[in-house]
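Novice: This is the structure I have questions about; it appears just below.
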Amino acid sequence: MSAQSARALFRRQLLAGGKRRVGTVERGQYRCFSCAVRQAQQQQTPPKPAQNGDGTTHFGFETVAEALKEQKVRGVFSSVASSYDTMNDLMSLGIHRLWKDHFVRNLNPGRNPLTSGPSEQKGWNILDIAGGTGDIAFRMLDHASTINNDAHTKVTVADINPDMLAEGRKRALETPYARSPRLNFIEANAEKLDMIPDNSIDLYTVAFGIRNFTHKEEAIREAYRVLKPGGVFAVLEFSKVTNGLFDAVYKRWSFSAIPLIGQLVAGDRDSYQYLVESIERFPSQTEFRDMIKDAGLLVPGQGWEDLTGGIAAIHKGVKPA
């Protein structure tokens, strides 16, 4: 089954769900749509997180030793590296490409030489974390070059997984940046960026990656350390759907269809099951905003922008000048 047919399947399910009325009879155990909604929400509520200090964390809905999570996440992304776009198509119904375009436009990377002062540094220094395939990095460089006429902005792509980095280097060969000093790939853990100096980064981005970190708070503190004063921390991540009925339909699709399609398309049900569960375990918009504030970053406005009803959200923080 292709990603296109998978999206078509979801849209048919969503349309069918939207036509139902409370009180109409459904097949199976539950007689009404509202009952099915409640059942879906109950079944997909994750177990309570492990207590702090016991050396365990969550891997999807599973509780594992902290030392084991990094290894297990590495295994998931090694498995999906070559089908990463297909995976995101399934998780977002293909809309992730529009979200990424909006994310980059909103950040407006690059320093336009026509509007910059002579004493200002040429270009931005961007760090894209968990960006192994280069999806965000290529967009950043394209935007800086074509929109801001900036030929100096550079992006360092950091990822903990060598298979994802290998995929990014391969894709870079199809861009103008493959052998350019403006693009660099490094293997690194976002929680310990010893190779990145303090106060050296203009823009730190992480797209669809931070939910897989073992210690998200430590990663955000590292982001604070490496950012220049006035530098921006920006996250694009799956989030919490804001409409109850749409949330129930989306969860039924996610937990029922996506792992099955992952098995059919990529031959890997378990990795796609984890990815669905990792979305459910990720903090809400307000909780994640507060984590950013607790790291010392200033949060503009409410702190986030919902995309497609909260399926995803953009979060930002600014390091005080």
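Novice: Looking only at the stretch 220-232, which residues are outside any helix (DSSP H, G or I) and of a type in the set (Val, Ile, Thr)?
Specialist: VAL232 - this is the single residue of the stretch 220-232 that is outside any helix (DSSP H, G or I) and of a type in the set (Val, Ile, Thr).
Novice: Of SER278, SER254, SER284, which residue is in contact (Cβ under 8 Å) with a residue 12 or more places away in the chain, open to solvent by 20 Å² or more (accessible area, probe 1.4 Å) and closer than 18 Å to SER92 by Cα?
Specialist: SER284
Novice: Might you check whether a residue that is of a type in the set (D, E, K, R) and within 16 Å of VAL206 (Cα to Cα) occurs anywhere in the stretch 282-291? Can you show your working first?
Specialist: Of the stretch 282-291, the ones of a type in the set (D, E, K, R) are 287, 289-290.
Okay, now just the ones that are also within 16 Å of VAL206 (Cα to Cα), so 289.
Yes, some residue in the stretch 282-291 is of a type in the set (D, E, K, R) and within 16 Å of VAL206 (Cα to Cα).
Novice: For the stretch 233-282, list the helices (runs of 4 or more DSSP H) that sit wholly inside it and hold at least 2 residues that are among the aliphatic types (A, V, I, L, M) and modelled with pLDDT under 85; which are they?
Specialist: Filter on the stretch 233-282 gives 258-266.
Novice: If I filter the stretch 177-212 down to residues being modelled with pLDDT of 95 or more and among the aromatic types (Phe, Trp, Tyr), which single residue comes out as nearest to the chain's Cα centre (by Cα)?
Specialist: TYR204
Novice: For the stretch 105-146, which residues satisfy the criterion of being assigned to a helix (DSSP H, G or I), at pLDDT 95 or above and buried (at least 20 other Cβ atoms within 10 Å of the Cβ)?
Specialist: Taking the stretch 105-146 and keeping what is assigned to a helix (DSSP H, G or I), we get 105-107, 135-146.
Keeping just the survivors that are at pLDDT 95 or above gives 105-107, 136-146.
Passing the criteria: LEU107, ILE136, ALA137, PHE138, ARG139, MET140, LEU141, ALA144.
Novice: If you don't mind, another one. For the stretch 208-222, which positions are of a type outside the set (D, E, K, R) and open to solvent by less than 40 Å² (accessible area, probe 1.4 Å)?
Specialist: Once the filter is applied, which keeps residues that are of a type outside the set (D, E, K, R) and open to solvent by less than 40 Å² (accessible area, probe 1.4 Å), the stretch 208-222 yields PHE208, GLY209, ILE210, ASN212, PHE213, THR214, ALA219, ILE220.
Novice: Oh, and also: Going by what's in this entry, would PHE246 be described as farther than 22 Å from LYS192 by Cα, of a type outside the set (Ser, Thr, Tyr) and open to solvent by 40 Å² or more (accessible area, probe 1.4 Å)?
Specialist: yes
Novice: Does ARG225 fit the bill of being in contact (Cβ under 8 Å) with a residue 60 or more places away in the chain and surrounded by 15 or more Cβ atoms within 10 Å (Cβ to Cβ)?
Specialist: Answer is no for this residue.
Novice: Is it the case that some residue within the stretch 91-104 is more than 30 Å from LEU260 (Cβ to Cβ) and open to solvent by 10 Å² or more (accessible area, probe 1.4 Å)? Steps first, answer last, please.
Specialist: As a first pass, look at the stretch 91-104 and keep what is more than 30 Å from LEU260 (Cβ to Cβ): 104.
Still in the list and also open to solvent by 10 Å² or more (accessible area, probe 1.4 Å): none.
Checked against the condition, which is being more than 30 Å from LEU260 (Cβ to Cβ) and open to solvent by 10 Å² or more (accessible area, probe 1.4 Å), the stretch 91-104 yields no hits at all.
Novice: Follow-up question, since we're still on this one. For GLY231, only one of the following conditions fails: (1) buried (at least 22 other Cβ atoms within 10 Å of the Cβ); (2) outside the structural domain of PHE138 (by TED's automatic domain parsing); (3) touching a Lys or Arg at 6+ places or on another chain (Cβ under 7 Å). What is its number?
Specialist: Tallying (1) buried (at least 22 other Cβ atoms within 10 Å of the Cβ); (2) outside the structural domain of PHE138 (by TED's automatic domain parsing); (3) touching a Lys or Arg at 6+ places or on another chain (Cβ under 7 Å), GLY231 fails exactly one: (2).
Novice: Find all pairs meeting these conditions: Cβ atoms under 8 angstrom apart; at least six residues apart or on different chains; first residue within the stretch 91-120 and in the same structural domain as LYS316 (by TED's automatic domain parsing); second residue in a loop (DSSP other than H, G, I, E, B) and at pLDDT below 75.
Specialist: ARG111/GLU120
Novice: Are any of the residues in the stretch 147-154 touching a residue at least 60 places away in the same chain (Cβ under 8 Å), closer than 20 Å to PHE233 by Cβ, of a type outside the set (Ser, Thr, Tyr) and open to solvent by 40 Å² or more (accessible area, probe 1.4 Å)?
Specialist: Kept after step one, since they are touching a residue at least 60 places away in the same chain (Cβ under 8 Å), are these residues of the stretch 147-154: none.
No - not one qualifying residue is present in the stretch 147-154.
Novice: Name the single residue, out of those in the stretch 162-176 being of a type outside the set (D, E, K, R) and crowded, with 20+ Cβ neighbours inside 10 Å, that is modelled with the lowest pLDDT.
Specialist: Pass one, the stretch 162-176, residues of a type outside the set (D, E, K, R): 162, 164-166, 168, 172-173, 175-176.
In the following step, the residues that additionally are crowded, with 20+ Cβ neighbours inside 10 Å were identified as 164-165, 168, 172.
On the way: MET164: 89, LEU165: 94, GLY168: 94, ALA172: 97.
Going through the qualifying residues, I end up with MET164.
Novice: Follow-up. Is there any pair linking a residue in the stretch 193-219 that is under 15 Å from LEU297 (Cβ atoms) and part of a loop (DSSP other than H, G, I, E, B) to one that is open to solvent by 10 Å² or more (accessible area, probe 1.4 Å) and not basic (Lys, Arg), with Cβ under 9 Å and at least six apart or on different chains, and which?
Specialist: ASN199/PRO229
The values are calculated or read from the model by the stated rules, or taken from the named source; none is laboratory data. Not measured: the values here are computed from a predicted model. Here Cβ is always computed from backbone atoms with ideal geometry, including for glycine, and neighbour counts include all displayed protein chains. Ligands, DNA and RNA are excluded from the accessible area calculation, which covers all protein heavy atoms including side chains. Shrake-Rupley method; radii C 1.70, N 1.55, O 1.52, S 1.80 Å.
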